[in-house]
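Below: one structure, written as C-alpha cells.
FYI, it's all coordinate maths here, none of it is from the lab. Only a predicted model underlies this, so the values are computations on that prediction, with no experimental measurement involved. Note that each Cβ is placed from the backbone with ideal geometry, even for glycine, and that neighbours are counted across all protein chains shown.
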Amino acid sequence: MRPADVPAATPRAATRPLPRAERRRTIIEGAARAFAAGGFDATSMEDIAVAAGVTKLIVYRHFESKEELYRSILESVSERLGALVAEGLGAGRRRGVTVGAFLTVARDDPDGFRLLWQHSRREPRFAGYAEEVRRAAATFAGRSLETHVADPVVLAWAAPMAASFLVEAVLTWLDVGDPGADDRFAAVTTDSLLALFATWSAPRS
C-alpha cells in the first residue's frame, strides 16, 4: 500500500497527434528557423526535423522535398501579407494598413519574413519568386502613388523605392527594435512614407 504521506501520482494526459494543418504549420515554422540560420543548401531535412521537434519521417509525410518546404514558407508569408492588407482595406482603413500588415507578419514569423524578403533573393531556386513578390509590392505602391505623381519616370522609380523602404524598415526594426515600441515604429514609418509620397508628388520648376 502507498504510505499516507506520499502523494498519489497525477494521471498523465494522453497525448494525441496534432491535426494535420497544425503539424504542417509546426514544420514550416521549424524549417523557417533552420533555413534562416543555415541557408537552403546547408540545411538538411534532418536539421528541419530537429528544429520542428518531429522525426524526419513526419517531415516527409507533409513535404516531398526541401524545395517544396522552402517555397511553402515563402508562399505562406506572402499570402498572409496580402490577406492582412486586403482585410484592412476592406474594413475601410487606409492609413498605416500596409505598415501594420508587414509588422504583424514580421513579429509573428520573423524567420519566414526574413526568408521571403532577404534570404530568398540569394537562393538561385527561389530568386525568381522573390523578385515576383517585390514587383507585386512595387505595383501596389505604384497604385497609391499614381494619382499624385504625374511624371511616369518618377513613378517608375518611386514605386519600388517605397516598397523597398518599407521592407528594409521592418527588417531593421526586427533586429534593433523593442516590440513594446512597435506602435511607435508603425506610426513613424507611416509618416515617413507619406512624407516621401509628398516629396515625390511635389511639382518641380
- Within the range 111-148, GluC sites (Glu not before Pro) in DSSP loop having at most 15 other beta-carbon neighbours inside 10 Å: Glu146
- Message: Against the empirical 2.2 N^0.38 Å scaling, what ratio does the C-alpha Rg of the range 76-205 come to?
- Response: 1.06
- Tally Lys and Arg at +1 and Asp and Glu at -1 over the other residues with C-beta under 14 Å from the C-beta of Val54: what net charge comes out? +3
- At R0 = 22 Å, FRET efficiency that the Cβ-Cβ distance of Arg95 and Ala136 yields, to 0.05: 0.55
- Note on the structure: Taking Cα atoms only, helix 182-201 is inclined relative to the longest principal axis of the chain by an angle, in degrees rounded to 10, of 20
- Item | Gain in span if fully extended, Arg121 to Glu46, counting 0.36 nm per residue against the direct Cα distance | 24.6 nm
- Message: What is the sum of charges, Lys and Arg at +1 and Asp and Glu at -1, for the other residues whose Cβ falls under 12 Å from the Cβ of Gly128?
- Response: +2
- Net charge near Thr26: determine it from the other residues with C-beta under 12 Å of the C-beta of Thr26, scoring Lys and Arg +1 and Asp and Glu -1. +3
- Query: What angle, in degrees between 0 and 90 and rounded to the nearest 10, separates the Cα long axis of helix 66-90 from the longest principal axis of the Cα atoms of the chain?
  - Reply: 60
- Task: Tabulate in residue order the Karplus-calculated ³J(HN,Hα) for the range 155-168, using 6.51 cos²θ - 1.76 cosθ + 1.60 with θ = phi - 60°, rounded to whole Hz; enter x for Gly and Pro.
- Result: 5, 4, 7, 5, 4, x, 5, 5, 5, 5, 4, 5, 4, 5
